[in-house]
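The values are calculated or read from the model by the stated rules, or taken from the named source; none is laboratory data. Since we're looking at a predicted model, the values are computed, not measured. As a convention, Cβ positions derive from the backbone with ideal geometry for all residues, glycine included, and neighbour counts pool all protein chains shown. Ligands, DNA and RNA are stripped out before the accessible areas are found, and what is left, the full protein with its side chains, is counted by its heavy atoms. Shrake-Rupley method; radii C 1.70, N 1.55, O 1.52, S 1.80 Å.
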Amino acid sequence: MELRSLAYFVRIAELGSITRAAAHLHLAQPALTRHVQRLEDELGVPLLTRANRGVKLTEAGQKLVESAARILREVERTGDEIRAQDAHPSGRIIFGITPTLCPVLVPELSLRMRQDYPRIELKAVHAGMVRLEEFVIDGRVDIALLSELSRSRLVLSTRLAQEEMVLVTQPGMRPQGVVTGKELSRTPLVLGDGLRAAMDALLAGRGIELNVAIEVNDHETIRLMVQQGAAASILPYSSVARECTRRLLAAHRITENGIFRTLALGVRASRTASLARETAVRMITQVVAEFEAAGQLSLGEQHEPIPQRSLPLHAIS
């Protein structure tokens with residue numbers, strides 16, 4: 001039993017005439033009559049009888065009109081609800097992100113989600129690249145912002161942007177300009193396990209061996225140590241852009257062309273996308289694109305020189 005046939009039959013009952021219903025529906029009268037005949041054949045009973053000025057419902061026809069009207073109202077209501085949900089998506093989304101990007105992106109992302117999509121509850125968790133992939137695969141997070149494209153067949157990852165990895169120093173500890181591979185190799189660094197592994201992968205084949213003097217697995221502590229001159233570090237530019245603007249830290253490009261990591265959005269390949277997840281994906285993509293366009297993910301043009309101190313960077317112990 002087709003919904004279209006039911007809708008036509010309800011209109012005939014409302015107007016009391018196949019002729020008037022055909023004109024109202026912009027449908028040929030024989031075609032409309034065939035719809036009624038199919039309903040009668042399917043149900044095995046007559047639904048209409050001829051009247052002086054049109055048609056009238058049989059007892060079976062009256063029952064069908066009442067049921068059909070309820071069905072059609074329910075279909076219309078369901079459509080309205082779906083369209084309303086599309087305009088106002090809702091649900092809980094768990095967003096995985098790397099520790100360096102979490103304080104950079106999550107405040108802005110959370111603010112926009114609350115303003116534009118208040119029915120979506122966004123929860124952010126941070127972890128390194130390997131654990132984020134595991135979280136995506138086992139469903140502990142719905143979306144993850146990864147620090148490289150995933151190699152797993154179970155994760156569907158999409159490139160969003162390039163983020164520059166920079167040498168970060170106390171201002172004035174070295175002149176502004178490119179850090180060569182030789183200089184980097186002799187520079188004492190404070191690094192955590194995740195950043196060290198990431199840089200080893202990015203520098204592979206370049207003949208550069210990092211001089212990790214201090215191991216610290218907390219990025220805020222690393223920034224404070226660099227700011228106080230305890231050592232230099234290698235960090236994503238986005239995580240120190242604000243401090244560099246305020247001259248609390250200085251960022252330097254590594255090698256002539258720079259060292260960049262890929263920011264990628266990852267979701268589980270086999271998981272059906274929800275409207276809330278797709279909404280969050282669009283918002284994350286937009287925020288990352290705006291950060292990239294604003295120059296917050298890479299150095300771009302080198303900063304103005306800062307007066308140099310007497311000690312070269314590699315002399316720090």
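Residues that are in contact (Cβ under 8 Å) with a residue 40 or more places away in the chain and over 11 Å from the mean Cα position of the chain (by Cα) within the stretch 268-293 comprise ARG268, ALA269, SER270, ARG271, SER274, LEU275, ALA289, PHE291, GLU292, listed in sequence order.
Within the stretch 213-222, is even one residue closer than 19 Å to THR100 by Cα, free of Cβ contacts under 8 Å to residues at least 40 places away in the same chain, touching a strand residue (DSSP E or B) at 6+ places or on another chain (Cβ under 7 Å) and crowded, with 21+ Cβ neighbours inside 10 Å?
The answer is yes, given that some residue of the stretch 213-222 is closer than 19 Å to THR100 by Cα, free of Cβ contacts under 8 Å to residues at least 40 places away in the same chain, touching a strand residue (DSSP E or B) at 6+ places or on another chain (Cβ under 7 Å) and crowded, with 21+ Cβ neighbours inside 10 Å.
Count of the stretch 42-62 residues, restricted to those that are under 16 Å from LEU3 (Cα atoms) and open to solvent by 50 Å² or more (accessible area, probe 1.4 Å), is 2. Restricting LEU111, LEU105, LEU72 to residues that are at pLDDT 90 or above and surrounded by 13 or more Cβ atoms within 10 Å (Cβ to Cβ) narrows the list to LEU105. Does at least one position in the stretch 40-51 carry a residue that is at pLDDT below 90 and over 30 Å from ALA127 (Cα atoms)? The answer is yes, given that some residue of the stretch 40-51 is at pLDDT below 90 and over 30 Å from ALA127 (Cα atoms). Taken over the stretch 177-212, the criterion of being touching a residue at least 40 places away in the same chain (Cβ under 8 Å), in a strand (DSSP E or B) and among the aliphatic types (A, V, I, L, M) is satisfied by VAL179, LEU189, VAL190, LEU191. Just one of the numbered conditions (1) open to solvent by less than 40 Å² (accessible area, probe 1.4 Å); (2) within 25 Å of SER157 (Cβ to Cβ); (3) not hydrophobic (A, V, I, L, M, F, W, C) is not true of GLY181: (2). Within the stretch 266-317, if we keep just the residues that are modelled with pLDDT of 80 or more and of a type in the set (Asp, Glu), the residue that is farthest from GLU164 (Cα to Cα) turns out to be GLU278.
Selection of the stretch 122-156 for residues being touching a helix residue (DSSP H, G or I) at 6+ places or on another chain (Cβ under 9 Å) and among the small types (Gly, Ala, Ser) yields ALA124, ALA127, GLY128, ALA144, SER147, SER150, SER152. In the stretch 247-263, the qualifying residues are those that are crowded, with 19+ Cβ neighbours inside 10 Å and out of contact with any Cys (no Cβ under 9 Å at 6 or more places or on another chain), and the one that is farthest from SER298 (Cα to Cα) is LEU249. Determine whether the stretch 136-147 contains at least one residue that is within 23 Å of SER239 (Cβ to Cβ) and touching a Lys or Arg at 6+ places or on another chain (Cβ under 6 Å). Yes: one or more hits. Can you find even one residue in the stretch 225-246 that is of a type in the set (Lys, Arg), outside any helix (DSSP H, G or I), surrounded by fewer than 21 Cβ atoms within 10 Å (Cβ to Cβ) and without any contact (Cβ under 8 Å) to a residue 24 or more places away in the chain? The answer is yes, given that some residue of the stretch 225-246 is of a type in the set (Lys, Arg), outside any helix (DSSP H, G or I), surrounded by fewer than 21 Cβ atoms within 10 Å (Cβ to Cβ) and without any contact (Cβ under 8 Å) to a residue 24 or more places away in the chain. Being in contact with an Asp or Glu (Cβ under 7 Å, 6 or more places away or on another chain), touching a residue at least 24 places away in the same chain (Cβ under 8 Å) and open to solvent by less than 40 Å² (accessible area, probe 1.4 Å) is a description that does not apply to VAL166. Among all residues of the stretch 115-122, there is none that is among the hydroxyl-bearing types (Ser, Thr, Tyr), touching a Leu at 6+ places or on another chain (Cβ under 9 Å) and open to solvent by 40 Å² or more (accessible area, probe 1.4 Å).
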